[in-house]
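In what follows, a single structure is set out as structure tokens and then discussed.
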């Protein structure tokens, strides 16, 4: 994989920081930008095609010539670009990680490519869950938000196919966002050519066995993620924490789940939430929820029914809990407030981000001046038009009975404007 530092400064102004994570198709780095005395933060994912020199050698052995290798790599890049454009073109959504920009650069002497994607800098659920215990009500709220993201995917007939803790992120406000659509697929394309692209630890049985599948594979994976969160970071049938997990134990645990063994009960988790998880992750896909909406409604009903946890749920989804701070080992503590980040490229995203903020005095004053100037200009144009047509005397004769009322009206408006500015 290419060294990301060779592209510095990224987009002309971004500097590479620490490595945040590494997945099957790329690495993610923290990047910063200094501008007008402010530091902006983002995350950049670099995807190399082929991934390394060894992969390039294998491609050269598989294909007849360099042109065939280049065509293969270009097809892979085109697929990745289509997934990026898909996310960028999504309507602004609070539960989808926003992509800010990307570029593609040739590598390996023109045979391969590097794709660099800049996005929001957030805390992954995997990192957060490793530091803080998650209560049942929080896991239910996480499930709700991911379902909202999946509802948008369903609307565009897209299957994510890689729901896992590393692809679920928390904002400083407590919102949950879904990311990494590089393995997503159109629903119509799941009828043939199925491949095991998703992470096996969360993969639905029918996808694992290369059978026909539908969007329920995403809610299945979400059910397993929720189980993981409530089981101290261990999936079904894995050795209990903190015991080490060998490759043999992992393989055995996945095999039991894939072959339909009932999920083991979760210690300390009430039956209501466990039933939601087991239905979402049912072996028979016809026994699962009809879709993300049905699962979200079940989770919302669970949260609403847990009246004693209502305040905790409210605090988890807002900033109040972060303000209070953590005393001891509190399961409700939010991730630390991240520095201000760059807004997504979408104008609509910027509107959603700022629509609930109150404008300051300068903005109010500026808008007032603009409105007054426009009104004066329009008035001057109307007066000039009336003079040009010699209609001023006739209009005065008709309007004279109403002049005191009109004068009083504009006087009141002016008084309100003066009061507003002061």
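The values are calculated or read from the model by the stated rules, or taken from the named source; none is laboratory data. The shown structure was predicted, so the numbers you read here are calculated from the model rather than taken from an experiment. Cβ: placed from backbone, ideal geometry, glycine included. Neighbour counts: every protein chain shown.
Given the conditions (1) in a helix (DSSP H, G or I); (2) under 30 Å from residue 122 (Cβ atoms), which single one is not true for residue 71?
The single condition residue 71 does not satisfy is (2).
Any residue that is in contact (Cβ under 8 Å) with a residue 40 or more places away in the chain, buried (at least 24 other Cβ atoms within 10 Å of the Cβ), part of a loop (DSSP other than H, G, I, E, B) and under 12 Å from the mean Cα position of the chain (by Cα) - is there at least one of those in the range 167-179?
Yes, the range 167-179 has at least one match.
Only one of 133, 91 is assigned by TED's automatic domain parsing to the domain that holds residue 305, part of a loop (DSSP other than H, G, I, E, B) and farther than 17 Å from residue 171 by Cβ. Can you tell me which? Explain how you work it out, then say what you get.
On the way: 91 fails: assigned by TED's automatic domain parsing to the domain that holds residue 305.
From the options 133, 91, the qualifying one is 133.
Going residue by residue through the range 180-197, is there one that turns out to be over 22 Å from residue 128 (Cβ atoms) and modelled with pLDDT of 85 or more?
Within the range 180-197, none of the residues are over 22 Å from residue 128 (Cβ atoms) and modelled with pLDDT of 85 or more.
For the range 52-66, indicate whether the set of residues that are part of a helix (DSSP H, G or I) and touching a strand residue (DSSP E or B) at 6+ places or on another chain (Cβ under 6 Å) is non-empty.
The answer is no, given that none of the residues of the range 52-66 is part of a helix (DSSP H, G or I) and touching a strand residue (DSSP E or B) at 6+ places or on another chain (Cβ under 6 Å).
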